[in-house]
Amino acid sequence: MGIVSSYPFVPALPDAYRGRDMPPVLDLSARPGGAPSALLDQVDAVAADAMPDVAGAVALWRAWRLDGPGSRRRVFVLQTDSSVADPRGVAGLLTSLLDPDGAAGTDVAVYRAGEHPDPAALAARNASALLWAAEPGGDLAVARVFDAVDPVTGPRFDDDHEWLGHPGEGSVRDTVQRYLDDGVLLLGSTDLMGDVIAPQLGPVVPMSFRTDGRWIWTDTVAYYVREYGLAPDARLLDHIQERQVMVPALVSDVARHRALATLFRPAGAEPVWRA
């Protein structure tokens, strides 16, 4: 079925976040059975529970389309693997399961991995809750940038912060730099912050977020590697040295969604430049 995109999509109904800011995306894939009913209802649970039996199913997202005051429509976006020959047929079967008489107001869009969903389905997925994924989840780590943050003087590096050595082909510094630069753009930003080592330069340090599906870092981290050879978060450095090469194509739509959900998770959130 087609999805109308002239109305905004949200990952949960507004009542679920009364008095709080709603994050732009949610990840409910790890706890469908225990999610609050305001975030995941019986229709969502049925859809998620059906996924293991859908041949080629990769991931299922759910968004709400707000058609106007008091009017909303549930939208599912299903990703399948490339072996699925008839995505429209899968969409029809899923619609018949979830909304057989059309009374519930449910739309389903299906696209294959490696292909781009149509603009309306993409808009829904980009403002959705991930309900189910074949790809196992796991805690994503957010790399810290600085060693300490003073409430008065701001962030800083310790004098004994690890140095990656001089740049050069095949050097640790170049390997780390290339890996960080090749991360999949997660959240772009045109904002710049000051260089804490050379404040006279003014706002020159980029702040966009990137991921490899396991770690999230900012271009701030890459800046200090490039300009000064200052090592990233020690655990991220170990991770990079183990992997060596960043392969953006391996960061799935599911991994990117989970990374965004981690960034926007409201509970216990801390600045990414924390000490």
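All of the numbers you see were taken from the coordinates with simple rules; none came from a lab. Note that the structure is predicted; figures quoted are calculated from it, not measured. Neighbour counts run over all protein chains shown; Cβ positions are idealised from the backbone, glycine included.
Some observations on this one:
- The simple Förster model, with R0 at 25 Å and r as the Cβ-Cβ distance, assigns Q244 and D191 a FRET efficiency of 0.20.
- Farthest toward the positive end of the dipole of the chain, out of A255, G89, A127, is the Cα of G89, where the dipole comes from beta carbon charges about the Cα centre.
- Signed unit charges on C-beta, dipole axis of the chain, positive-most listed residue A16, A234, L186: A16
- Of all beta bridges that DSSP places with both ends in the chain, some 70 percent have antiparallel geometry.
- Going from the residue with the fewest nearby Cβ atoms within 10 Å to the one with the most, H166, H257, H239 rank H166, H239, H257.
- The label-point distance for D139 and A198, in a model that sets each label 7 Å from Cα toward Cβ, rounds to 3.8 nm.
- In terms of surrounding Cβ atoms within a 10 Å radius of their Cβ, D159, D41 rank from fewest to most as D159, D41.
- Whole-Å distance, taken between Cα centres, linking the stretch 146-161 and the stretch 206-267: 21 Å
- Taking amide H atoms as placed 1.01 Å from N in the peptide plane, the amide H of R112 lies under 5 Å from those of T80, each 5 or more residues away in sequence or on another chain.
- Net charge in the neighbourhood of R125 (other residues with Cβ under 11 Å of its Cβ; Lys, Arg +1, Asp, Glu -1) is 0.
- Zone of S82's modelled label, taken as backbone nitrogen in the stretch 246-261 under 12 Å from a point 7 Å along Cα→Cβ: none
- Label-point gap, in nm, between D160 and L66 - each point 7 angstrom along Cα→Cβ: 5.3 nm
- In the chain, the longest principal axis of the Cα atoms and the axis of helix 234-243 are about 70 degrees apart.
- Cα long-axis angle, helix 172-181 against the chain (0 to 90 degrees, to the nearest 10): 30 degrees
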